[in-house]
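Structure record follows, encoded as structure tokens.
A short reminder: the numbers here are calculations on the coordinates, not readings from a lab. Note that the structure is predicted; figures quoted are calculated from it, not measured. When we count neighbours, we look across all protein chains shown, and the Cβ atoms used for this are built from the backbone with ideal geometry, even at glycine.
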Amino acid sequence: MKQLEKSRSATYNIGYHIIFCPKYRRKILTGQIEIRLKEIIRQVAIENDWEIATLDVMPDHIHVFVKA
């Protein structure tokens, strides 16, 4: 069963699938860059009260599924 959020007047389940790609899909998202990028994304999610359902960093792109 899906976990639904509720407010006084609504019930909802909102998720965003976000994909980032470096210019020309260069394979640069490895090593220290990958580690720092994950830290930044998690920090932004905490600041905005978002829940990261999945966070996958590939060498040439990032997949993030966020519930807000």
inquiry  = At 222 nm, what value in deg cm²/dmol follows for the chain if DSSP H runs of at least 4 each add -39500 (n - 2.57) and the sum is divided by all its residues, to the nearest 500?
reply    = -8500 deg cm²/dmol
remark   = Protection proxy (average C-beta count within 10 Å per residue), highest first, orders 19-27, 59-67, 5-13 as 59-67, 19-27, 5-13
message = With the crude spin-label approximation of a point 7 Å out along Cα→Cβ, what separation in nm comes out for Arg8 versus Leu55?
response = 3.4 nm
Lysine pair number, Cα distance threshold 30 Å (strictly under), the chain, separation 8 or more or different chains = 9
task = Measure off 7 Å from each Cα along the Cα-to-Cβ vector at Ile46 and His63, then give the distance between these two points in nanometres to one decimal.
result = 2.6 nm
note = If N is the residue count of the chain, its Cα Rg over 2.2 N^0.38 Å rounds to 1.34
